[in-house]
Amino acid sequence: MSMNDRFYGYTEEQWDAMRAQGLAYLEELARDRRDTDYSTFCAEVRRRAGVAPEPHDHALPHLLGAIGTRSYEDRQVIITALIHDKGGNEPGPGFYELAEQLRALNREQNPWIARELREVFWVRHVGECHEAYARKRP
């Protein structure tokens with residue numbers, strides 16, 4: 001795997017800037033108890049970092065995964081829960097996949113979480129993101 005493949009067509013410096021600026025933007029939203037859509041998220045990352053994937057770019061889910069993983073390590077929440085479809089109110093499938101990978105959403109431990117109840121998990125998780133970033137870091 002080349003370095004270019006590792007960062008989905010971006011340089012390591014660009015990737016790090018997008019990840020850092022994307023996380024910073026979502027942290028601000030969480031503190032203000034707000035959310036955003038994918039287009040606005042990408043535009044804000046581009047404004048801050050000088051580069052960003054488009055909403056349907058293959059790199060975006062990987063960038064969001066890196067940001068969500070970092071926030072989970074830091075605060076035990078997947079901050080990308082604050083991003084939803086434009087005109088909609090639910091995140092993409094990558095959010096739920098990451099939640100399962102990180103064991104935040106564990107169908108084995110919580111068999112009651114059926115496919116149709118994912119939204120309940122997401123709504124609760126958005127509130128948890130707001131709370132996690134509203135208080136000072138330990």
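Each value in this text was obtained by applying a stated rule to the coordinates, not by laboratory testing. Just so it is clear, the structure is predicted and the values come from calculations on it, not from any experiment. Neighbour counts are summed over all protein chains in view; Cβ atoms, including those assigned to glycine, are modelled from backbone coordinates with ideal geometry.
Show me, for the range 81-86, the HN-Hα J-couplings you get by feeding each phi into the Karplus relation (A = 6.51, B = -1.76, C = 1.60, θ = phi - 60°), rounded to Hz, glycine and proline as x.
With coefficients 6.51, -1.76 and 1.60, one gets 4, 7, 9, 9, 5, 5 Hz.
Rounded to the nearest 20 Debye, what is the dipole magnitude of the range 3-134 about its Cα centre when Lys and Arg each give +1 and Asp and Glu each give -1 at the C-beta?
Dipole about the Cα centre, nearest 20: 160 debye.
Which residue, chosen from Ala43, Leu26, Pro53, occupies the Cα position most advanced towards the positive end of the dipole of the chain, where the dipole is computed from +1 (Lys, Arg) and -1 (Asp, Glu) charges on Cβ about the Cα centre?
Leu26
Work out how much length Thr40 to Ala24 would gain on full extension: take 0.36 nm times their residue separation and subtract the Cα-Cα distance, in nm to one decimal.
So the chain would gain 4.3 nm between Thr40 and Ala24.
Return the sequence-ordered ³J(HN,Hα) values of the range 19-24 in whole Hz as given by the Karplus equation 6.51 cos²θ - 1.76 cosθ + 1.60 applied to θ = phi - 60°, using x for Gly and Pro.
So the J values, rounded to whole Hz, are 5, 5, 6, x, 5, 4.
Would you please state the base-10 log of I(q)/I(0) at q = 0.14 1/Å for the chain, with intensities from the Debye formula using one equal scatterer on every alpha carbon?
-0.62
Add -39500 (n - 2.57) for each DSSP H run of 4 or more in the chain, then divide by its residues: what number comes out at 222 nm, to the nearest 500 deg cm²/dmol?
Counting only the DSSP helices, I get -18000 deg cm²/dmol.
If Lys and Arg each add +1 and Asp and Glu each add -1, what is the summed charge of the other residues whose beta carbon sits under 12 Å from the beta carbon of Ala43?
Numbers: positive: Arg46, Arg47, Arg48, Lys86; negative: Asp37, Glu44, Glu54.
With Lys, Arg at +1 and Asp, Glu at -1, the neighbours total +1.
Multiply the residue gap between Gln76 and Asp57 by 0.36 nm, knock off their C-alpha separation, and tell me the result in nm, one decimal place.
Length gained, Gln76 through Asp57: 4.1 nm.
Whats the longest run of the chain with zero trypsin sites (Lys or Arg not before Pro) that are DSSP loop and have at most 14 other Cβ atoms within 10 Å? Intermediate values should be presented prior to the final figure.
Details: sites that count: Arg33, Arg34, Lys86, Arg103, Arg107, Arg135, Lys136.
After excluding every exposed loop site, the longest remaining stretch is 35-85.
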